[in-house]
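I have placed the structure first, in the form of structure tokens, so that the comments after it can refer back to it.
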Amino acid sequence: MSKTLTEIAQQLKDAKKKVQLIYAFNGTGKTRLSREFKDLIAPKTDTEDVQQSELAQKKILYYSAFTEDLFYWDNDLRLDVEPKLRIHTNVFTRWVLEEQGQDQNIIAIFQHYTNEKLTPRFNSDFSAVSFSFERGNIEQEANIKISKGEESNFIWSVFHSLIEQMISELNIAEAADRSTDAFNNLEYVFIDDPVSSLDENHLIELAVDLAQLIKSNESDIKFIITTHNPLFYNVLHNELKSSGKYRMKKLDDGTYELINQSDDSPFSYHLFLKLELEKAIESGQVSKYHFNFLRNILEKTSTFLGYQNWGDLLPKTDDGRPNPYEARIINISSHSKHAGEEVAELTEDDKRVLAYLVRQISEMYRFDSRSS
């Protein structure tokens, strides 16, 4: 049954589960869902004053693209010698850095995920951080601009430190015995895709560490995690056995469906894509981005089978080579700038070729649809 994002947010709230895990394609609406859920748990009011905006009044913590927007690069374009990551301070960053002095813990977490020689240095008022590469001797590569993946890791390290503190405090059953009342009103933590730009090794490590953090939570705090990454989803799926697990799908009319995935099997991404292709072909609702799904399946399968080229998996003509037209249409249709979101019309020939290739590849490589 289709729902609005507000209704999906209400469904997650009504479930009252300690952990809920959601997979959705990029562009489906995960970040908007995090905002809808935040507004549902803690709606803004016209009478909201300064005291109500402090951390102690918060009912929900959330990590999303909006969290990452608190950090932005000052590239020192005039002199090009001192790039730094600026921090647009808010109640969370002030509490973690200024009130709790968690800067050394953040550095340790960051180096754990990246490199022990890659060293962040906060300025005195915690409004910016610069990075240097310490080589263990007198050599130092100072004021470097880190990669996008390292930047994502750093921002996550700030939030990770906040979650560690929160769980540590709330695991003390008696509120009077806690060192701070900053988290006493918290009900939810919403984490939206903390793995952008991470390589697979760090992605797995982050997922395992996050799962361990969540499992250490003895309080009534509930976690909701959304992701577009099937590997991240699968690791969390396996680590968090008792969580609610879903797949969120955006329908053609702009509504959404939250599909229950709470079984013992992890998410088989390539089989899911194959199932989506077969549904689109059967319904006649084939779009250009479906060729991107097919290419994704071919790339993953060719890697697994040891082929150098995904095109080697395509059906062969009489001369033993793949049909150049079929390879070309997959290439053209899957290399669009926004292949996962566009709804460009296809010709009937294009649709016929897609249906033929999906059928042939399923038969040739014996995919088991029962696993999807």
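The values are calculated or read from the model by the stated rules, or taken from the named source; none is laboratory data. Predicted model, so just to flag it, every value in this text is computed and none were measured. Counting neighbours? That spans all protein chains shown, and the Cβs are built from the backbone with ideal geometry, glycine included.
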**OP:** Can you work out which of the residues in segment 274-328 that are over 26 Å from the mean Cα position of the chain (by Cα), of a type in the set (F, W, Y) and assigned to a helix (DSSP H, G or I) is farthest from I361 (Cα to Cα)?
**Re:** Y325
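Results for (1) surrounded by 15 or more Cβ atoms within 10 Å (Cβ to Cβ); (2) at pLDDT 80 or above; (3) among the hydroxyl-bearing types (S, T, Y), shown as yes or no for each residue.
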| residue | (1), (2), (3) |
| --- | --- |
| F25 | yes, yes, no |
| G29 | yes, yes, no |
| S34 | yes, yes, yes |
| K38 | yes, yes, no |
| I41 | yes, yes, no |
| Q51 | no, no, no |
| L55 | yes, no, no |
| S64 | yes, yes, yes |
| D74 | no, yes, no |
Subject >> Residues (loosely packed, with under 13 Cβ neighbours inside 10 Å and charged (D, E, K, R)) located in segment 105-137 >> reply: E116, D125, R135
Subject >> Output for segment 99-111, where each listed residue is at pLDDT 90 or above and either closer than 26 Å to N201 by Cβ or charged (D, E, K, R) (or both) >> reply: Q102, D103, Q104, N105, I106, I107, A108, I109, F110, Q111
Subject >> Selected residue [within 30 Å of E7 (Cβ to Cβ) and surrounded by 19 or more Cβ atoms within 10 Å (Cβ to Cβ)] from S219, S243, S283 >> reply: S243
Original post:
Among all residue pairs at least 6 apart or on different chains, which show Cβ distances below 9 Å where the first residue, located in segment 27-39, is over 15 Å from Q11 (Cα atoms) and the second is of a type in the set (G, A, S)?
Top reply: G27/G340; T31/S64; T31/A65
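Return the total of residues in segment 188-232 being part of a helix (DSSP H, G or I) and at pLDDT 85 or above.
Residues of segment 188-232 that are part of a helix (DSSP H, G or I), as a first pass: 200-215, 230-232.
From what is left, the residues that are at pLDDT 85 or above are 205-215, 232.
Residues meeting the conditions: 12.
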**OP:** Please state which of the following conditions T317 fails to meet, knowing it meets all the rest: (1) modelled with pLDDT of 80 or more; (2) at positive phi.
**Re:** (2)
